[in-house]
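**Student:** After the structure tokens below, expect a handful of questions from me.
The values are calculated or read from the model by the stated rules, or taken from the named source; none is laboratory data. Small disclaimer: the values here were computed from a predicted structure and weren't measured. Positions of Cβ are generated from backbone atoms using ideal geometry, with glycine treated the same way; all protein chains shown enter the neighbour counts. Surface accessibility is based on the protein's heavy atoms, side chains included, excluding ligands, DNA and RNA. Shrake-Rupley method; radii C 1.70, N 1.55, O 1.52, S 1.80 Å.
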Amino acid sequence: MWSSNVSISNELSISGLSATELANEFGTPAFIMDEADFRARAASWNQALQQGFGENAGHVYYAAKAFICTEVARWIKDVGIGIDVCTGGELAVALAGGIEPAKIELHGNNKSANEIEKAVLAGVGTIVLDSLYEIERVGAIATKHGKVQRVLLRLTPGIEAHTHESIATAHEDVKFGFSIASGAAWKAIETVQNYPAIELRGFHAHIGSQILDTSSFEISAERLIALLAKFRDEFGVELPELDLGGGYGIHYLPGDEELAPTVVMRALVTAVTTSCSLHNLSIPRISIEPGRAIVGPTMFTLYEVGTVKDVILENGDKRRYISVDGGMSENIRPALYSAEYTAVLANRTSNQRAISSRLVGKHCETGDILIRDIALAGDIAPGDLLATPATGAYGRSMASNYNHVPRPPVIAVANGKARVIVRRETEADLLALDI
Ligand code: LLP
């Protein structure tokens, strides 16, 4: 839940810096990011992949959509892993951070011709193709520039992953990929053969996000490998790559489970080796794309309490509303996916009795609820600081300017020092776009 350098024994601190010091220097709300923890998590997924698959290990592609900025792209480069980008914007940040184009993979179900052209010209290692139109577009653009583009086909293996409906991606009724069951995948395989400027390297599937058991990943690997075998039977060659996507779940609440890198890898190695030997295939190079599992636990959001209000409910019960200076603009996940978070008093300890409270933001909307029901000290008052753990994934990256609230900064902390890696937006930034 909390990153490794956070301590909450007395006042909350990270790498020796207290929540109060951070709030005084950088303001609130702010995303506070544990740099060493990010690097360690990225390295541990890489190590698990290398150890699990040995010479058949492909790349760990960090899923940039979870959170990216130029400085984090530099850390990815230092750790030596690759990156999965799904738009021209994410591609621009990856390149600005100096990530080797060969270690960049371009995703997306509707890449524009401009995005494809930028990727082909930059020399990205892989484009993951998602539709027949895209095969044609990539083929034409690569031909135009005299290049041969390596690609994977994104497939839907027909799996109902156990997660929120909006973040499950591999059942049949989704916008992503080519369905194996319907024959769309085979049609795509045949279509790709007509384009000499496209080199089909293998298949990809991403089955969903915040998944907490390994069985869906195993089934997905088995179905993709069965198709690799069918390809070999038809075309007489084995495709060399398989990308099994991301989606590994993390802790959000005390007592939550998570999927550790070694646990995931043990399951994938067994599934892949068993299926390959069943089909008499050599093991392809295996890649994965964790986003949340790398960045999620590395950040917490620091808020200041602005108001506390007790509301009497129809049944006579009292509900305490604690309002903080952020809300659905920097954490849309509770409103969008009913995601649950916890929070702690960060600037002091309290021995007051905990009161059942609702943590809400400052937006003009009833649904602007960060935590529906949480027991917080009865003496929490305006000026207190609260911290919400595990907001690194899809927090800042999905932040909006709803109600013209400037988006919070990201502050990286390492070795007892804090620095801004994404600055706070200002009202001038908001006005800058208006003509
Ligand atoms: N690879 C592909 C092709 C993906 O589409 C995604 C996430 C990932 C990898 C990384 O998944 P992760 O390891 O982070 O679970 N906004 C939602 C999550 C959407 C995920 C979209 N795709 C949320 O806040 O839960």
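**Student:** Would you work out the relative contact order for the chain, in percent, from Cα pairs under 8 angstrom that are 6 or more residues apart? Present the calculation step by step, with values, prior to reporting the outcome.
**Tutor:** Values: 982 pairs, mean separation 85.2, N = 435.
Contact order relative to length: 20 percent.
**Student:** Heavy atoms only, probe 1.4 angstrom, no DNA, RNA or ligands counted: give me Asp310, Asp37, Asp325 ranked by accessible area, highest first.
**Tutor:** The residues order as Asp310, Asp325, Asp37, largest area first.
**Student:** Top mean-square fluctuation among Arg292, Arg41, Arg137, Gaussian network model of the chain, C-alpha springs under 10 Å?
**Tutor:** With Cα springs under 10 Å in the chain, the top fluctuation among Arg292, Arg41, Arg137 is at Arg137.
**Student:** Something else about it: Using modelled amide H (1.01 Å from N, peptide plane; none on Pro or chain starts), what sits under 5 Å from the amide H of Arg285, excluding residues fewer than 5 places away?
**Tutor:** Long-range HN contacts for Arg285: Glu241, Leu242.
**Student:** Next question. Counting each DSSP H run of 4 or more residues in the chain as -39500 (n - 2.57), what helix-only mean residue ellipticity at 222 nm follows after dividing by all residues, to the nearest 500 deg cm²/dmol?
**Tutor:** -9000 deg cm²/dmol
**Student:** Could I ask something else about it? For a Förster distance of 45 Å, can you work out the FRET efficiency between the beta-carbons of Tyr133 and Lys417, rounded to the nearest 0.05?
**Tutor:** Values: r = 49 Å, r/R0 = 1.09.
With a Förster radius of 45 Å, E is 0.40.
**Student:** Take the chain, connect every pair of alpha-carbon atoms lying under 10 Å apart with a spring to form a Gaussian network, then pick out the residue of Leu376, Leu336, Leu244 with the largest mean-square fluctuation.
**Tutor:** Of Leu376, Leu336, Leu244, the Gaussian network model singles out Leu336 as fluctuating most.
**Student:** From Cα pairs below 8 angstrom and at least 6 apart in sequence, can you work out the relative contact order of region 88-168, rounded to a whole percent?
**Tutor:** 26 percent
**Student:** Follow-up. Per residue, how much accessible surface does the chain expose to a 1.4 Å probe? Answer in Å², no decimals. Provide the component values of the computation, followed by the final result.
**Tutor:** On the way: 18210 Å² over 435 residues.
That works out to 42 Å² per residue.
**Student:** Based on the Kirkwood radius over alpha-carbon pairs, what is the Stokes-Einstein translational diffusion coefficient of the chain at 25 °C with 0.890 mPa s viscosity, in µm²/s?
**Tutor:** 107 µm²/s
**Student:** Rank Ile225, Ile312, Ile380 by mean-square fluctuation in a GNM of the chain with C-alpha springs under 10 angstrom and give only the top-ranked residue.
**Tutor:** Maximum among the listed residues: Ile312.
**Student:** Also: Of all accessible surface on the chain at a 1.4 Å probe, what whole percent is carbon and sulfur?
**Tutor:** 49 percent
**Student:** Give the angle, between 0 and 90 degrees and rounded to the nearest 10, that separates the Cα long axis of helix 113-122 from the longest principal axis of the Cα atoms of the chain.
**Tutor:** 80 degrees
**Student:** Restricting to Cα pairs below 8 Å that are 6+ residues apart, what does the relative contact order work out to for region 107-290? Please round to a whole percent.
**Tutor:** Dividing the mean separation by the residue count of region 107-290 yields 19 percent.
**Student:** Mind running the shape call on region 1-115? Use the C-alpha gyration tensor, a ≥ b ≥ c as the square roots of the eigenvalues: rounded below 1.5 for a/c, prolate if a/b tops b/c, oblate otherwise. Could the numbers behind the result be given before it?
**Tutor:** On the way: a/c = 2.87, a/b = 1.52, b/c = 1.89.
Cα axes put region 1-115 in the oblate bin.
**Student:** Rounded to the nearest 10 Å², what accessible area does Asp173 show when all protein chains are kept and the probe is 1.4 Å?
**Tutor:** The value for Asp173 is about 140 Å².
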